[in-house]
Amino acid sequence: MKIDNKKHRCGWCGQDPLYQQYHDQEWGVPVYDDQRLFEFLILETMQAGLSWITILKKRENYREALDHFDAVKIAEYDDEKHQELLSNPGIIRNKLKIKSITTNAQIFLDLQQRHGSFSKFIWSYVDHKPITNHWKTYKDIPPNTPLSDQLSKDLKKMGFKFVGSTIVYAFMQATGMVNDHEINCYRYDEV
């Protein structure tokens, strides 16, 4: 895909073509599909303590290593599979994060069953419609909000791992639960 550099984008994506493509095509677009929500949830939890570009560059490796984010398969991962993942140089090899993938998949599936879909559950936090913010610059965007604090607290109570408020807010931004595009970004009115 050719990137149009004449368009004004949010300042956080800079000139990196991968970041620009992610910004232009995905970031802030509402996601209601459980499979994609699960992928974003896992990728965001892998980001804890790292930059998003690090995870974005490894995204295809994660898809390959994690059965294309099939929550049913991941929920069954055992110690042998965890060891295999820990030896995979294409992903972040953090023992706690690797184990959390299986735990989070199990809880994700439980929520799907109890609510009919994970999407119904997660989107209920924003009354099933995106919150549109009005930021002049990405530097004005807070790292978390009272809503992400509450969602983080609730997810932790259920047993999810690596779901601090900042990670949860990044998930909300990525999946379009909040529109945090800068007001002068060309995507602001499009998402």
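Annotations
- Flag for residue 29 being open to solvent by 10 Å² or more (accessible area, probe 1.4 Å), within 30 Å of residue 133 (Cα to Cα), β-branched (Val, Ile, Thr) and modelled with pLDDT of 95 or more: yes
- Members of the stretch 157-191 that are in a helix (DSSP H, G or I), within 16 Å of the chain's Cα centre (by Cα) and not β-branched (Val, Ile, Thr): 165, 169, 170, 171, 172, 173, 174
- As for the stretch 156-173, it holds no residue that is more than 24 Å from residue 60 (Cα to Cα), out of contact with any helix residue (DSSP H, G or I) (no Cβ under 7 Å at 6 or more places or on another chain) and of a type in the set (A, V, I, L, M, F, W, C).
- Qualifying positions in the stretch 146-168 - open to solvent by less than 40 Å² (accessible area, probe 1.4 Å) and either among the acidic types (Asp, Glu) or in contact with a Phe, Trp or Tyr (Cβ under 6 Å, 6 or more places away or on another chain) (or both): 148, 151, 154
The values are calculated or read from the model by the stated rules, or taken from the named source; none is laboratory data. Quantities reported herein were computed from a predicted structural model and do not represent experimental measurements. Don't worry about glycine lacking a Cβ; one is built from the backbone with ideal geometry, like all the others, and counts go over all protein chains shown. The area values use the complete protein model at the heavy-atom level, side chains included, leaving out ligands, DNA and RNA. Shrake-Rupley method; radii C 1.70, N 1.55, O 1.52, S 1.80 Å.
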